[in-house]
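For reference, the structure is listed below as structure tokens.
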Amino acid sequence: MDDFDASRAAARMRDAESSLNGLRERFSVPKDGVYADGNSLGLHGQDAAAALESAVAEWRELGIEGWTEAEPPWFEYGERLGARLAGILGANEDECVATNSTTVNIHALVGTFLEAADGDQVVVNELDFPTDHYAIRAQMRARGIDPAENLVVVESRDGRTIEFDDVVDAVTDDTAIVFMPSVLYRSGQLLDVPRLTELAHEHDAYAGFDLAHSVGVVPHDLHDADVDFAVWCSYKYLNAGPGAIGGLYVHEDHFDLPPALAGWWGHENETQFDMRPEFTPASGAAAWQIGTVPVFAAAPLFGTLDVTEAAGIGSLRERSVNLTDYLIRLVDERLPECDVGTPIDADRRGGHVAVEHPNAESLSRELRERGVVVDFRQPNVVRVAPSPYYVGFEDAWVIVDELRSVLDADERRTSSDEDSHVT
Ligand SMILES: Cc1ncc(COP(=O)(O)O)c(C=O)c1O
């Protein structure tokens, strides 16, 4: 190795030099220990809490008038948040809307694009988050398409990553949609969204993406890459709280498609309260909203987007790459019994690192007992997410140091068990 310095002092120095100092203070970071699970649920922060409290106060003070008199009016939450999310996703303001949950948005958009497509097949991959497959299969069945024949699942070669060439082999002229995650939830591999989109378009198929693990931590260029549609949640890196509202993007070229799961919240605003039985879609992605916006699940996002915008998605990505890079090097150096399941190349890496060990489940548990919050994913992954919003280099050092100490304690226990068998 080169001049990599694995000392705690070096980590502390890197924290002192960070251009994003001050961000962490906005979050309820645990006093003892480290919270490294922000890719499951981002931490509570003062900005989310203030935005939520302000919505609650508006409810108290305005009652039903809040729909039009709150700031911003609750009625416009979806579009207003969508316009801001567009800024971090590289989309036009009217191409994004905050609405529903990720799973519901997959139903809404896969349904819509299946109806519009010539082919019947949907290409996914075996390392997808399961809800994506459940929703896609249900949408296929609803249209009389047999998923057993038409859901094409790209297999991984190593159980960790999906190779572009294998997707190439799976896409044909019968493909309706190539639906992939931006970042694989287990290994943290970042897929090449523009290249996959280009591939789908070469076969006259649509390209859709689940951005759950990249929104708020990896910049995107959805519009210019001609991505057809995308979905995401805001409770991970966007820190908007448990069950916070999801979001969706539809490229403006497809604004004329009829939403597959139409509902009155997707109706054109001006005439929504005329209560006509015919559905006149809102212009833009807003048409894919379904029912009443969950105000308290959406309000915190106004606060947390202030934080994301102030830090800048480019700087957050830079810090995230530096943190995952550092973590990977420390694991290499100090944990020889563990493998890193995340691509080493930063361009193929999202915001978290998969530390692999046969006892990953008990390691994750023991880490939590020591105040280091990570999570376990089957079969052998400790997922460590150094969220650039509130995890520092010294925190990363502590995570690896605690892992070292848990592994050493396990090793000592195993050898004393063996000794007691011998005697
Ligand atoms: C890639 C991905 N998609 C979807 C979900 C969950 O969807 P929902 O927000 O509808 O529960 C998760 C949850 O962790 C996820 O990681």
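The values are calculated or read from the model by the stated rules, or taken from the named source; none is laboratory data. Just so we're clear, the structure is a prediction, and the values are computed from it rather than from any experiment. A quick note on method: Cβ atoms are made from the backbone with ideal geometry, for glycine too, and the neighbour counts reach across all protein chains shown. We work out accessible area using only protein heavy atoms, side chains counted, and drop any ligands, DNA or RNA first. Shrake-Rupley method; radii C 1.70, N 1.55, O 1.52, S 1.80 Å.
Give the peptides 46-59, 291-304, 117-130, 140-153 in descending order of average Cβ contacts within 10 Å, highest first. Please list the in-between numbers first.
Numbers: 46-59: 17.6, 291-304: 21.7, 117-130: 19.3, 140-153: 14.1.
Top of the packing list down: 291-304, 117-130, 46-59, 140-153.
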Self-check item: Peptides 76-82, 366-372 ordered by average Cβ neighbours within 10 Å, highest first
Solution: 76-82, 366-372
Self-check item: Probe 1.4 Å, accessible area per residue of the stretch 288-354, Å²
Solution: 33
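How much accessible area per residue does the stretch 19-123 have, counting only protein heavy atoms and a probe of 1.4 Å, in square angstrom?
Numbers: 4630 Å² over 105 residues.
Ligands and nucleic acids excluded, the figure is 44 Å² per residue.
Quote the charge dipole size of the chain about the Cα centre in Debye, to the nearest 20; the model charges only the Cβ of Lys and Arg (+1) and of Asp and Glu (-1). Before the final figure, lay out the partial values.
Details: 32 positive and 77 negative charges, 302 e Å.
It comes to approximately 1460 debye.
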Quiz item: What are the ³J(HN,Hα) values, in whole Hz, obtained from phi via the Karplus relation 6.51 cos²θ - 1.76 cosθ + 1.60 with θ = phi - 60°, for each residue of the stretch 87-96 in sequence order, with x given for Gly and Pro?
Solution: x, 9, 10, x, 10, 6, 4, 8, 8, 10
Quiz item: Tell me, how many Å apart are the Cα centres for the stretch 369-423 and for the stretch 267-291?
Solution: 52
Quiz item: Using alpha carbons only, how many degrees (0 to 90, rounded to 10) separate the axis of helix 313-334 from the longest principal axis of the chain?
Solution: 30
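What percent antiparallel are the DSSP beta bridges of the chain, to the nearest 5?
Numbers: 20 of 38 bridges.
Close to 55 percent.
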Quiz item: Of G22, Y326, G284, which is farthest on the positive side of the dipole of the chain, counting Cα position, with +1 on Lys and Arg Cβ, -1 on Asp and Glu Cβ, and the Cα centre as origin?
Solution: G22
Exercise. Principal axes first, then extents: for the Cα atoms of the stretch 1-98, list largest minus smallest coordinate on each axis, whole Å, largest first.
Key: 61, 33, 23
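Using a 1.4 Å probe on the protein chains only, how many percent of the accessible area of the chain belongs to carbon and sulfur? Write down the numbers at each step before the final one.
Values: 8570 of 17840 Å².
Its accessible area is 48 percent carbon and sulfur atoms.
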